Amino acid sequence: MLSPRLPLLLRPPLILRSISTYIHAPVEPVCLSFYETAEDEEPKGVWPVNRVHLIGRNYAAHAAEMGDDPKKSSPFFFQKPSSAIVDTTKTSFATFPRSTSNYHYEAELILGIGKSSTSEIPLAHARNYISCIGVGCDLTRRDLQNEAKEKRRPWDDSKGIDDSGPISKMVGVGEDDAWWFNDDSILSLTVNGVKKQQTPVSKMIWNPEEIVHYISKRHNLNAGDVIFTGTPEGVGKLEKGEECKVRLEGGGKVLECCFELS
């Protein structure tokens with residue numbers, strides 16, 4: 001004899017079985033090579049990348065060449081996916097993307113965030129969150145960016161591209177280690193050995209501590225976050241097959257990011 005069907009509210013609870021099989025293969029985490037000092041030849045470990053933040057127009061001369069007012073006002077930020085990051089200690093190539101005929105280089109100092117915060121970080125404490133630095137390039141489909149500006153649309157198609165963020169090794173910095181940001185710290189970029197960009201990083205409109213502080217006003221910062229700090233004047237077109245080198249030099253130390261567009 002069949003048992004009577006129980007009303008819905010009287011039925012025993014369903015036991016949900018946990019699902020441990022991936023529907024598709026998970027994406028491997030993006031990592032950069034971490035070195036304790038700029039002089040070290042062997043990495044200490046890997047730096048797993050979380051979010052990638054970028055500040056726009058953080059050098060007055062670059063703001064002017066892009067047709068913007070270089071006066072200091074509220075900073076603005078955008079993001080790239082972690083798939084944009086290329087560890088140039090592991091590969092010397094970055095992929096030239098489709099849908100552009102005007103792909104631009106932008107040399108930048110890179111900050112690595114070493115601890116997390118779910119609240120606004122006071123300016124006086126912001127330096128404590130920067131645990132390492134690097135140099136890299138914010139590669140940009142300038143034609144798509146210009147179109148987005150004209151139509152007042154987001155920049156995702158021009159900035160959020162795979163392989164559009166080549167970065168050097170990440171080098172640990174202490175609170176008193178200031179070789180990478182002072183009047184003698186020079187950021188430069190060459191294409192096939194010809195110098196295209198060069199500036200003291202101290203010419204930033206918003207310095208690294210201010211950048212960290214302002215991002216934390218709008219977003220949680222987490223260990224593994226990477227921050228591009230803006231590019232100086234001299235941005236220009238990069239062709240497939242050309243070699244690009246970004247260099248930071250100061251206090252007798254050198255950091256380089258070298259790659260070729262393929």
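The values are calculated or read from the model by the stated rules, or taken from the named source; none is laboratory data. Keep in mind that this is a model prediction, so the values were computed, not measured. Neighbour counts run over all protein chains shown; Cβ positions are idealised from the backbone, glycine included.
Observations
- All of SER202, SER216 fail the test of being more than 27 Å from GLU249 (Cβ to Cβ), among the small types (Gly, Ala, Ser) and not in a strand (DSSP E or B), apart from SER216.
- Only one of the numbered conditions (1) farther than 21 Å from ASN50 by Cβ; (2) surrounded by fewer than 17 Cβ atoms within 10 Å (Cβ to Cβ); (3) under 16 Å from the mean Cα position of the chain (by Cα) is not met by PHE77, and that is (1).
- The stretch 97-141 - residue that is in a loop (DSSP other than H, G, I, E, B) and aliphatic (A, V, I, L, M) and, of those, surrounded by the most Cβ atoms within 10 Å (Cβ to Cβ): LEU139
- Residue that is closer than 15 Å to PRO208 by Cβ, of a type in the set (Gly, Ala, Ser) and modelled with pLDDT under 95, where the choices are GLY174, GLY136: GLY174
- Residues of the stretch 251-262 that turn out to be surrounded by fewer than 21 Cβ atoms within 10 Å (Cβ to Cβ) and either small (Gly, Ala, Ser) or closer than 15 Å to VAL173 by Cβ (or both), as a count: 5
- The sole residue among GLY234, GLY174, GLY241 that is part of a loop (DSSP other than H, G, I, E, B), over 17 Å from the mean Cα position of the chain (by Cα) and free of Cβ contacts under 8 Å to residues at least 12 places away in the same chain is GLY174.
- Once the stretch 177-203 is narrowed to residues that are exposed (fewer than 15 other Cβ atoms within 10 Å of the Cβ), at pLDDT 95 or above and among the small types (Gly, Ala, Ser), the residue that is farthest from GLY241 (Cα to Cα) is SER202.
- Hits in the stretch 227-242 (condition: touching an Asp or Glu at 6+ places or on another chain (Cβ under 6 Å) and over 28 Å from PRO48 (Cβ atoms)): GLU233, VAL235
- Some residue of the stretch 10-26 being closer than 30 Å to LYS80 by Cα, of a type in the set (Gly, Ala, Ser) and either at pLDDT 95 or above or touching a strand residue (DSSP E or B) at 6+ places or on another chain (Cβ under 9 Å) (or both): no
- Test: residue in the stretch 21-34 that is within 16 Å of the chain's Cα centre (by Cα) and charged (D, E, K, R): no
- Test: residue in the stretch 51-65 that is within 11 Å of the chain's Cα centre (by Cα) and either exposed (fewer than 15 other Cβ atoms within 10 Å of the Cβ) or within 21 Å of LYS196 (Cβ to Cβ) (or both): yes
- Of the residues making up the stretch 80-96, those that are among the hydrophobic types (A, V, I, L, M, F, W, C), surrounded by 17 or more Cβ atoms within 10 Å (Cβ to Cβ) and not in a loop (DSSP other than H, G, I, E, B) number 4.
- For PHE228, the conditions (1) within 22 Å of ILE85 (Cβ to Cβ); (2) aromatic (Phe, Trp, Tyr); (3) surrounded by fewer than 21 Cβ atoms within 10 Å (Cβ to Cβ) are fulfilled apart from (3).
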